[in-house]
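The values are calculated or read from the model by the stated rules, or taken from the named source; none is laboratory data. This one's a predicted model, so the numbers in the text were calculated from it and none came from an experiment. All Cβ positions, even for glycine, are placed from backbone atoms using ideal geometry, and neighbour counts span all protein chains on display. To get the accessible areas, we keep the full protein, side chains included, count just its heavy atoms, and leave off ligands, DNA and RNA. Shrake-Rupley method; radii C 1.70, N 1.55, O 1.52, S 1.80 Å.
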Amino acid sequence: MKKDILLYWLILLGWLVSVADGFAQDKLTVSGYVKDAANAEGLIGVSVYVKETGTGAVTNNYGFYAVTMPPGTYNLIISYVGYTKQTQTVTLTDRNVKLDLELTQEGRQLQEVTVSTQREDDNVKSVEMSVNRIGVQTIKRIPALLGEVDVIRSIQLLPGVSTVGEGATGFNVRGGSIDQNLVLLDEAPVYNSSHLFGFFSVFNPDAVKDVKLIKGGIPANYGGRIASILDVRLKEGNAKKGELNGGIGLIFSRLSYERPFLKNKGSFIVAARRSYADILAQPFLRGDLRGSKFYFYDLTAKANYRINDKNTVFLSGYLGRDVFGADFGFNWGSTTLSARWNHVFSDKLFLNTTAYYSNYDYALNSDLNGKNPQDYFRTNSRIVDYSLKPDFSLFLGHSTLTFGGQSILHDFQPGLATATSAGVERTFGLNSRYALENALYIGNEQQLNRQLQLQYGLRYSLFTYIGPGEAYTFSDNGAVGKRKTLVSTQAYGQGKSIQTYGNWEPRLAAKLDLGDNSSVKLSYNRLAQYIHLISNTTASTPLDVWTPSTNNVKPQLADQIAGGYFRNFGKSSTQGRAYEASVEVYYKWLQNQIDYIDGASLILNQYLEGDLLSGRGRAYGAEFYVKRNTGVINGWISYTLAKTERQVAGINNGDWYATRFDRRHTLTSVLLIDPPGRTDGRSRWNFSATFTFASGTPATFPTSRFEYEGYTGYTVNGRNNYRIPPYHRLDLAATLQGRKRAGKRKDDNWVFSVYNVYARKNPFSVFFRPSSTDPRITEAIRYSVFASAIPSVTYNFKF
């Protein structure tokens with residue numbers, strides 16, 4: 001059957017390509033790369049618009065574009081927010097034209113007040129919906145904890161994105177749990193995107209080029225998760241001159257260097273960060289805390305080399321680690337390595353082939369400082385991926401056909417422990433598990449006429465849980481919601497198929513222009529997820545374990561429909577309209593959602609699958625978004641009204657209940673201010689502020705109390721039956737630019753910020769205990785991560 005599916009797919013693909021090529025064979029193509037004139041970085045999402053036909057193209061993730069037209073003379077309008085618009089006249093007679101372009105950034109004052117990095121009017125004219133991009137320059141302006149710029153915290157200011165609280169790793173999108181987000185760094189998955197328990201992200205802003213969040217209408221080339229895609233692309237390095245960037249903050253510093261090599265045919269960037277709070281604190285630590293370790297570091301690097309006009313290769317990687325603890329402690333970290341080859345077969349056909357390696361691991365150690373080598377306990381866990389992924393793009397005039405596939409080998413190592421007592425060592429743990437995840441896809445973005453544009457596609461994913469390993473059969477003995485009983489075990493040899501799942505995943509998006517400045521959009525997508533994060537804590541931690549779909553654990557499935565109205569208004573400029581606004585509504589059906597029996601044992605449990613429950617979910621809501629793009633005062637405000645529920649047999653009497661990450665109301669606002677200067681039109685100061693309000697997340701509170709022979713206990717009626725108090729916070733920042741001196745290449749600034757300005761004690765969780773003054777009284781204790789305002793200062797420089 002697998003061979004038949006592949007054969008049918010190839011026949012369909014060949015037919016589509018031949019038909020499309022037949023329609024386009026009487027036309028000619030203009031193609032090339034669009035790059036930044038300052039550093040030769042390829043620009044993503046640049047609009048190349050053909051004035052005479054009303055059609056055009058958008059540059060891909062490598063800055064490549066192609067437009068196909070009949071012979072004639074045409075005016076190409078090339079536009080990108082933050083850059084000077086260009087018009088190029090081309091004449092097509094009897095051959096294709098190669099046209100590489102460089103765009104120049106607008107004047108400095110305009111740069112600093114632009115909060116978009118996309119083509120003009122992209123929110124209205126693009127068929128994409130439920131997609132947000134934040135420029136790195138905007139991210140650097142947003143007030144941050146301890147002054148450190150953070151990608152993950154920045155996207156939490158967007159509609160439809162939330163978190164369960166401060167100190168929680170990851171983020172939640174439209175009712176999805178954190179493992180349902182596919183986080184990519186140069187196409188390699190990052191399984192834990194946080195440093196220091198979620199306070200900072202693993203992405204070094206000095207090395208990041210583009211940040212794109214896709215919440216719905218997900219194209220067919222993406223798969224493997226059911227909530228969202230966070231696609232982070234690294235800078236390629238300055239291909240025109242050497243450049244040194246860095247910053248010194250209160251708890252960590254960063255440094256990056258980029259430059260061209262081999263006669264400007266290649267370039268590279270290397271960026272590093274290291275926290276030093278542990279070093280600064282050592283003189284003040286006493287007793288058992290002396291020698292404590294609490295730090296993180298990461299190294300990000302990328303290089304590219306242009307072999308010739310048709311071939312370019314890229315190599316990028318990330319290495320990061322956190323260490324936390326005194327005598328007892330733990331550490332965790334990620335490693336990714338991506339190798340990519342871009343090949344231009346012709347003016348119409350573009351190929352990117354990616355091979356990547358991704359590793360996430362953690363370790364617990366009862367003797368972190370090596371003080372007691374005769375008695376200790378250590379355990380570790382990891383997940384490793386190896387993947388190959390070819391992606392083709394065929395540019396056919398009024399449509400762009402994409403097709404390709406992916407193969408991933410998953411290696412799950414759920415836990416291996418070593419215990420030593422009086423020098424005698426004993427090793428125990430769980431065997432590794434393996435799985436193959438394969439996919440083929442085809443998609444098309446088609447401009448039917450000047451008003452109607454479609455994006456549609458189909459993905460087929462095939463997941464095989466393979467040996468060596470064991471398959472377990474359980475029985476619930478008629479007791480729903482209780483631990484299942486093991487009935488039998490069957491062993492499988494290396495490479496043998498234990499369980500196979502296959503899913504068709506259709507994708508569809510449509511955009512109808514209502515005029516020059518408004519449009520309506522609709523989308524539908526089905527997504528399948530075959531790997532799962534096992535966690536039943538209030539918030540996921542770095543010590544949670546990933547597991548594959550098995551004969552007992554089915555893949556998670558999600559179907560989402562969404563619709564929206566998009567409009568730009570206000571004074572028009574080279575940057576497009578002054579304001580953009582949107583309203584989106586969505587509904588999502590979820591299948592095979594994982595939950596846990598009461599008292600589930602998740603760590604080093606060989607029969608974990610007997611403690612898991614499965615049910616369905618639903619999430620729906622509305623997202624409102626208004627943004628001012630340019631001017632002295634700009635920014636955005638968003639409001640999300642949402643509801644997320646699950647229904648699992650054996651929990652909450654089988655009734656629907658709110659998930660732990662359900663937030664009914666979320667309001668965020670970002671304000672960026674660039675005061676005009678007295679002489680040169682720009683001030684050395686600029687200011688920013690953010691405000692967040694969110695409804696409290698659900699929690700399970702006791703509904704009654706009992707005492708028996710001196711023991712006090714509590715009973716609970718229902719899952720997530722109460723909500724903790726609401727969350728709200730104000731952050732402020734001010735940036736002072738360094739003075740400019742003639743002939744000096746140095747560019748520096750000071751950033752002063754205050755996090756949690758009015759010292760709100762936002763609750764992370766609430767727990768209950770008998771009162772210390774009167775045991776007959778039960779008191780609720782609210783735990784807050786931050787209970788005061790946190791000022792900071794950071795110095796940034798560039799040479």
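Things to note:
- Charged neighbours of His195, selected by a Cβ distance under 13 Å, balance to +1 (K, R count +1; D, E count -1).
- Charged side chains reduced to their Cβ positions (Lys and Arg at +1, Asp and Glu at -1) give the chain a dipole of some 1600 debye around its Cα centre.
- Using alpha-carbon coordinates, inclination of helix 2-24 to the longest axis of the chain, degrees: 20
- Dividing the convex hull volume of the alpha carbon atoms of the stretch 510-623 by its residue count gives 153 Å³ per residue.
- Measuring only protein heavy atoms, the 1.4 Å probe finds Tyr297 accessible over about 80 Å².
- When His532, His665, His343 are compared by accessible area at a 1.4 angstrom probe, the order from most to least is His665, His343, His532.
- On a per residue basis, the convex hull of the C-alpha atoms belonging to the stretch 487-555 measures out at 210 Å³.
- Per residue, the chain reaches -1500 deg cm²/dmol at 222 nm when only DSSP H runs of four or more residues are counted, each adding -39500 (n - 2.57).
- Ala510 sits among other residues whose Cβ lies under 13 Å from its own Cβ, and their net charge, with Lys and Arg +1 and Asp and Glu -1, is 0.
- Seen from Ile248, the other residues with C-beta closer than 12 Å to its C-beta sum to a net charge of +1, counting Lys and Arg as +1 and Asp and Glu as -1.
- Per-residue accessible area (protein heavy atoms, 1.4 Å probe) orders His410, His398 as His398, His410, starting from the largest.
- Of all beta bridges that DSSP places with both ends in the chain, some 95 percent have antiparallel geometry.
- For the stretch 342-437, diffusion coefficient by Stokes-Einstein and Kirkwood Rh (Cα), 4 °C, 1.567 mPa s, µm²/s: 75
- Charge dipole of the chain about the Cα centre (unit charges at C-beta), most positive-ward option of Thr712, Gly266, Ser381: Gly266
- The equivalent ellipsoid of the chain has semi-axes of 43, 33, 27 Å, largest first, where each one is the square root of 5 times an eigenvalue of the Cα gyration tensor.
- Long-range tail of P(r) for the stretch 711-799 (Cα pairs > 16 Å, %): 72
- Spread of Cα-to-Cα distances over 5 Å intervals beginning at zero, given as percent, for the stretch 71-219: 2, 8, 14, 18, 17, 13, 10, 7, 5, 3, 2, 1, 0
- For Trp750, solvent-accessible area (1.4 Å; no DNA, RNA or ligand), Å²: 110
- Toward the positive end of the charge dipole of the chain, with +1 on the Cβ of Lys and Arg and -1 on the Cβ of Asp and Glu, the farthest Cα among Gln556, Gly175, Phe345 is that of Phe345.
- Over the chain, relative contact order from alpha-carbon pairs under 8 Å, at least 6 apart, %: 10
- HN-Hα J in Hz across the stretch 437-450 - Karplus 6.51, -1.76, 1.60, θ = phi - 60°, x for Gly and Pro: 10, 10, 8, 10, 8, 8, x, 9, 10, 10, 9, 6, 7, 5
- Ranked by the mean number of other Cβ atoms within 10 Å of their residues, highest first, the peptides 226-234, 436-444, 668-676 come out as 226-234, 436-444, 668-676.
- Residues Thr89, Thr794 ordered from highest to lowest accessible area at a 1.4 Å probe: Thr89, Thr794.
- For the pair the stretch 218-260 and the stretch 438-458, the centres of their Cα atoms are 29 angstrom apart.
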